[in-house]
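Notes for the one structure printed next.
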Amino acid sequence: MARFIPILFLISQAFGHSLYTQCPPGWISMSPSLGCLLYHTEACGGVQGGGCDWIQATESCQSIGAWLVEIHSGDEQNFIVTMAKALELIHGPLDWWIGLNDLGNEGNWLWQHSRSNLTSGKFSSWGLGEPNGTYLENCAAMSYGSLNYRWSDLGCGKRARTFPICQKF
Ligand SMILES: [Ca+2]
Ligand SMILES: [Ca+2]
């Protein structure tokens, strides 16, 4: 964590936000609308060889009084991507589970915590060509590399180097 603080500070300065001091140690906020976020790299065995399935990711957040992050604006997406890119410098590239799935009804994407549907007109940040997995891919993640942390639908099973972003207020 010690190496982490200066990076957080620089990012928060860049966006003109101060760090949200009400967050627990290790959690961050760069936007009041996002509350406190934890990029939970210690879940599911950690970054050294571990990784979560979507349900494990959800449960990892629930066990600390949080839920998988929901992203409702371009500003929120940008904040989260900036932090994910900063973490690449520390951990190498990782994918991140978010709180969005179409497990209940194919093609009907639902934010799990707020139970709000991703209907037309709502903010979304799908990568080019995503979602493309129909009934084989029912859970959403932010993917590094060519998707540049835009969203993709993926199979909900265990994935190496894929971790939750947890959120709470
Ligand atoms: Ca699907
Ligand atoms: Ca996909």
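Only the coordinates and a few stated rules stand behind these numbers; no lab work does. Here the structure is a predicted model, which means the values were calculated and not measured. Every residue, glycine among them, receives a Cβ derived from its backbone with ideal geometry; neighbour counts consider all protein chains shown.
Dipole magnitude for the chain: about 340 debye, using +1 per Lys or Arg Cβ and -1 per Asp or Glu Cβ, origin at the Cα centre.
Normalised size of the chain, defined as Cα radius of gyration per 2.2 N^0.38 Å with N residues, equals 0.97. As a proxy for reagent exposure, ranking TRP126, TRP151 by other Cβ atoms within 10 Å from fewest up yields TRP126, TRP151.
Computed from backbone phi, the HN-Hα couplings of the stretch 144-155 come to 6, x, 5, 7, 6, 6, 6, 8, 9, 8, 9, x Hz, rounded to whole numbers (Karplus: 6.51 cos²θ - 1.76 cosθ + 1.60, θ = phi - 60°; Gly and Pro given as x). Ranked for footprinting exposure by Cβ neighbours inside 10 Å, fewest first, TRP96, TRP109 give TRP109, TRP96. Rounded to the nearest 500, the helix-only mean residue ellipticity at 222 nm of the chain stands at -7000 deg cm²/dmol, with each DSSP H run of n ≥ 4 adding -39,500 (n - 2.57).
Projecting the Cα positions of LEU89, TRP111, CYS166 onto the charge dipole of the chain (unit charges on Cβ atoms of Lys, Arg, Asp and Glu, taken about the Cα centre) puts LEU89 furthest along the positive direction. Residues whose amide H comes within less than 5 Å of that of GLY50, counting only those at least five positions distant or on another chain, are ARG161 (H built at 1.01 Å from N in the peptide plane).
Excluding TYR135 itself, what net charge comes from residues whose Cβ is under 11 Å from its Cβ, given Lys and Arg +1 and Asp and Glu -1? Before the final figure, lay out the partial values.
Numbers: positive: none; negative: ASP102, GLU106, GLU137, ASP153.
That works out to -4.
For the chain, excluding the exposed loop sites themselves (trypsin sites (Lys or Arg not before Pro), DSSP loop, at most 13 other Cβ atoms within 10 Å), the longest remaining stretch covers 4-114. For the chain, the longest principal axis of the Cα atoms and the long axis of helix 74-91 meet at an angle of about 70 degrees. Can you list the aspartates and glutamates whose alpha carbon is less than 17 Å from that of LYS85, not counting same-chain residues fewer than 8 positions off? The qualifying aspartates and glutamates are ASP75, GLU76, ASP95.
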